[in-house]
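Here the structure comes first, spelled out in structure tokens, and everything after it is commentary.
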Amino acid sequence: MSEVTEVYYQPISSYLAEPFARPRSSTGLAGYITEAEQAEKHDISLATLRRWRQQRYGPQAVQIGRKFFYREDATERWLAEQEAAAKASAEPRRGRPRQAGR
């Protein structure tokens, strides 16, 4: 009798995903991440990140050609500054309290 072998079929996407998989940081620059990676990492939209850059808010970006990159340590420093500012504004105000009815 002939032997029956079981054939396992994989979806074509599994064949394509492996050869074209990109490394975590696709910039090729040590310590820098792309704007898309930055937005994904901090769970904000790409449009928000771009608006912040135009308003000169948020971590400093570096432009190389037409692409923008963010230095990872600068991002962490900016986040620490934001936390410190939030803590400072949460402290109680000094001075005379407001009087009711005026």
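Throughout, read-outs are computed from the coordinates displayed, never taken from laboratory work. Here the structure is a predicted model, which is why all the values come from computation and not from measurement. A quick note on method: Cβ atoms are made from the backbone with ideal geometry, for glycine too, and the neighbour counts reach across all protein chains shown.
With N residues in the range 32-89, what two-decimal value do you get for its Cα radius of gyration over 2.2 N^0.38 Å?
1.12
Say each of SER89 and ASP43 gets a label point 7 Å from the Cα, pointing the same way as Cα to Cβ; how far apart are those two points in nm?
Distance between label points: 2.0 nm.
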